[in-house]
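Report on the structure given below.
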Amino acid sequence: DAKTTQPNSMESNEEEPVHLPCNHSTISGTDYIHWYRQLPSQGPEYVIHGLTSNVNNRMASLAIAEDRKSSTLILHRATLRDAAVYYCILRDGGGSQGNLIFGKGTKLSVKP
Amino acid sequence: GAGVSQSPSNKVTEKGKDVELRCDPISGHTALYWYRQSLGQGLEFLIYFQGNSAPDKSGLPSDRFSAERTGGSVSTLTIQRTQQEDSAVYLCASSLVSSGRTEQYFGPGTRLTVT
């Protein structure tokens, strides 16, 4: 799997937007960009994924660079509940990709 | 609908004993995965099942670990002769199919403590 690079930690204020970056310069043409998050003392939770176009869902938006070498997860209005570790993971959509490979992710802190 | 469920939520066992952890995936999901997370550590892949194919056991740390999936649904992870280093949260996930196009849904985990 291609590798991703994320900042170790970020801080945000409540009710402000948060932009979580991810670099994946060795991404292949069939790799999907997935984001998961893990709240304290809980299992990981799927957030969003995309291939080339920007994606929106009820939780977040995913902005993918034109060359696909980077992406940004956008939380439009951070809440205290969004404090979690966010993982950016590449998954090959061209075959039967199995497990997720988790890196260290970005620990997001949200201040009231 | 119902999500992924795991049981028990907590398990304390003595070193050397065998334990069984259960996972009920989302109905209709053909792919099932086991991961574990030791205290303060990252998530580590253990094994995954896709339909009737042979499971990918490449992440199992030793031959004390095994898993089966009966009828393409429920899965049991068995750890024989538990050791203290087996203490961790064991997480199960399922997805519609095993593909990069699909997302995985995780259960709440089983916290295993080996004393």
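Given R0 = 30 Å, the distance between the Cβ atoms of B:R22 and A:E45 translates into a calculated FRET efficiency of 0.90. In chain A the longest region clear of trypsin sites (Lys or Arg not before Pro) that are loop-assigned by DSSP and have at most 16 other C-beta atoms within 10 Å covers A:4-57. Filter the cross-link list A:K69/B:K57; A:K104/B:K57; A:K3/A:K111; A:K107/B:K57 down to pairs whose alpha-carbon distance in this structure exceeds 25 Å. Among A:K69/B:K57; A:K104/B:K57; A:K3/A:K111; A:K107/B:K57, the Cα-Cα distance tops 25 Å for A:K69/B:K57; A:K3/A:K111; A:K107/B:K57. Using each residue's phi in the range B:20-36, evaluate 6.51 cos²θ - 1.76 cosθ + 1.60 at θ = phi - 60° and report the 3J(HN,Hα) Karplus result to the nearest Hz, with x for Gly and Pro. So the Karplus estimates, Gly and Pro as x, are 10, 10, 10, 9, 10, x, 5, 4, x, 7, 8, 10, 9, 10, 10, 10, 9 Hz.
In angstrom, the C-alpha Rg and Dmax of chain A are 13.4, 44. Rounded to the nearest Hz, the phi-derived 3J(HN,Hα) couplings of the range B:43-55 under the Karplus curve 6.51 cos²θ - 1.76 cosθ + 1.60 (θ = phi - 60°) are 7, 10, 6, 10, 7, 9, 10, 10, x, 9, 6, 4, x, where x marks glycine and proline.
Summarising the label geometry, the points placed 7 Å from Cα in the beta-carbon direction at A:T26 and B:E14 lie 4.8 nm from one another.
Expressed as a rounded percentage, what relative contact order does chain A have, with Cα pairs under 8 Å and six or more residues apart?
Details: 264 pairs, mean separation 41.3, N = 112.
37 percent.
Kindly give Rg over Rh for chain B, based on alpha-carbon atoms, with the Kirkwood expression for the hydrodynamic radius. Mind showing how you got there, number by number?
On the way: Rg = 13.4 Å, Rh = 14.1 Å.
Reported Rg/Rh, Kirkwood definition of Rh: 0.95.
Of all trypsin sites (Lys or Arg not before Pro) in the range B:35-115, which ones are in loop regions per DSSP and have a Cβ with at most 15 other Cβ atoms within 10 Å? Provide the component values of the computation, followed by the final result.
Numbers: sites: B:R36, B:K57, B:R64, B:R69, B:R81, B:R101, B:R111; in loops: B:K57, B:R64, B:R81, B:R101.
Taking the range B:35-115 and a limit of 15 other Cβ atoms within 10 Å, the loop trypsin sites (Lys or Arg not before Pro) found are B:K57, B:R64, B:R81.
Computed 3J(HN,Hα) for the range B:59-67, one whole-Hz value per residue from the Karplus formula 6.51 cos²θ - 1.76 cosθ + 1.60 where θ = phi - 60°, is x, 5, x, 7, 6, 6, 9, 8, 8, glycine and proline marked x. Largest first and in whole Å, the equivalent-ellipsoid semi-axes of the range A:43-99 read 21, 16, 9, each the square root of five times a Cα gyration tensor eigenvalue. Shape analysis of the protein assembly as shown places it in the prolate category; the axes a ≥ b ≥ c from the Cα gyration tensor give an a/c of at least 1.5, with a/b above b/c.
Each value in this text was obtained by applying a stated rule to the coordinates, not by laboratory testing. None of these values were measured; they are calculated from a predicted model. All Cβ positions, glycine included, derive from the backbone under ideal geometry; neighbour counts span all protein chains shown.
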